[in-house]
1. Using the Karplus curve 6.51 cos²θ - 1.76 cosθ + 1.60 with θ = phi - 60°, what ³J(HN,Hα) values do you get for each residue of segment 61-76, in whole Hz, with x for Gly and Pro?
2. Of the listed peptides 198-207, 18-27, what is their order by residue-averaged count of other C-beta atoms within 10 Å, with the highest listed first?
3. Once phi is turned into θ = phi - 60°, what whole-Hz ³J(HN,Hα) does the Karplus curve with 6.51, -1.76 and 1.60 give for every residue of segment 147-159, x standing for Gly and Pro?
4. Output the 0 to 90 degree angle, nearest 10, between the alpha-carbon long axis of helix 23-39 and the longest principal axis computed from the alpha carbons of the chain.
5. Hand me the GluC sites (Glu not before Pro) from segment 209-292 located in a DSSP loop with no more than 12 other Cβ atoms within 10 Å, in residue order please.
6. So, by mean Cβ neighbours within 10 angstrom, what's the order for 52-62, 329-339, 247-257 with the highest one leading?
7. Quick one: if the Förster radius is 25 Å, what FRET efficiency do residue 285 and residue 82 give, using the C-beta to C-beta distance and rounding to 0.05?
8. What spacing in nm lies between the two simple spin-label points modelled at residue 98 and residue 143, each 7 Å away from Cα in the Cβ direction?
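Bear in mind these aren't lab numbers, they're just calculated from the coordinates by the rules spelled out. Because the structure is predicted, anything quoted here is derived from the model rather than measured. Cβ sites come from the backbone with ideal geometry, for glycine too, and all protein chains shown count toward neighbours.
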Amino acid sequence: MTTPEIDLTVYPDECDAFGHLNQASFLSLFERARWEMLARGPGMDVFSRQDAWPAVRRTVIDYHAPAFPGDVLRFAQALTHHGRTSFTMRQTAQRTSDDRLIATAEFVFVCIDRNGRPTPVPRDLAEFLSARPAEPPGVSRMTVNGVSLATERRGEGPAILFVHGYPLDRTLWAHQVAHLEGFQRIAVDLRGFGLSDAPDLGYSLPTYADDLAALLDALQVDDVVLCGLSMGGYVAFEFLRRYRERVRGLVLMDTRADADAPEVRRARDQQIALARDQGAAAIAETMVTRLLAPDTLRHNPTLAEQVRATMVATPVPGIAGALAAMRDRPDSTPLLGSLEGLPTLVVVGEHDEMTPPAGHEALAASIPGARLAVIPGAGHLPPLEAPETVTRVLAAFLRSLG
Ligand code: MLT
């Protein structure tokens, strides 16, 4: 079951003298959308059934664009954190006529009893809001290596396996999966991400690599062009250490070969604590502006919101597990010289702040025969920020392999 989206119309009496939806009315539209969502789920009496009331403790609203009388706004709501007595919801309002993102909001609630004392969040509510969405068309789940992994697979021909970065999922590659005609495109949610299982324990680079090998076995795919972005690149290095014979080409995108420096390892531990204390939304907050180029943030708030929503939906065990796996990864620099004979393309966004272009020149120079492509205008996530360019660059590389 997915949380229903709610369409609400903006009326003239909710607007100011210049015709814009005013802030007080916007607040009540957000609230109406939440009640309507409950009416279509566990019932509007989900709180009163347990003698509880959701008291708002904190609200943050970002207004992205004005709304006018007659606009129909589509409200989507997601549970981003859930404690014993408190919970946090993120809501977005998008105009249906042009898909423009109008506002995003975060509400922190504490459930209180009639004496004002904190009381547990009703179980029906938590279950309703935490329900995992059904798999979208084209995505299937397969149990391999002890976990159920969500995989999107399209097309026929030589296979390319896409491995996403942290804390994202297979939708990072949506454009490439949709458009790389002539190749079998396989995009997977690593364990702990997207629609895959998120066990409490058992995350490491070797485990991710073993999951991928087991997935390829299940799909009866012998070898692939392996394409990993950032953490996906770390996974690709581990896969090469273990399953070199299954890789016929390599794409390393916005990534690095060296291990974490001591201060980065300490920062990983702080992020693990942050995720456990405050949930995925707190992690998303620290990352979204670093992942995307300044121009993407300015001109494409819908994409920024999509990236944030993906991060916010990532299960906390998956986040904590990936952080520990990245913290403990070995230095892959010694591997690079041994990749002679493996066709390799290194790709980086021109404005990638997290893994800057200079590092990629060095990376490409260390792999015999590797080529480098810099994607103009993109930050750390070129497949989303410059989808056509990345698909074109990958198509040319794949065709060059014959
Ligand atoms: C990623 O984009 O996958 C991660 O940010 C990489 C990292 O934190 O090292």
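1. 10, 10, 9, 9, 7, x, 10, 10, x, x, 5, 9, 9, 9, 9, 10
2. Working: 198-207: 16.7, 18-27: 15.0.
Order by mean packing, descending: 198-207, 18-27.
3. Per-residue couplings from phi come out as 9, 8, 10, 8, 9, 10, 9, 9, x, 10, x, x, 8 Hz.
4. Between the helix axis and the principal axis of the chain, the angle is about 80 degrees.
5. Details: sites: 238, 245, 263, 285; in loops: none.
In loop regions of segment 209-292 (DSSP not H, G, I, E or B), there are no sparsely surrounded GluC sites (Glu not before Pro).
6. 247-257, 329-339, 52-62
7. Computed FRET efficiency for residue 285 and residue 82 comes out at 0.90.
8. Taking the simple label geometry, residue 98 and residue 143 are separated by 4.9 nm.
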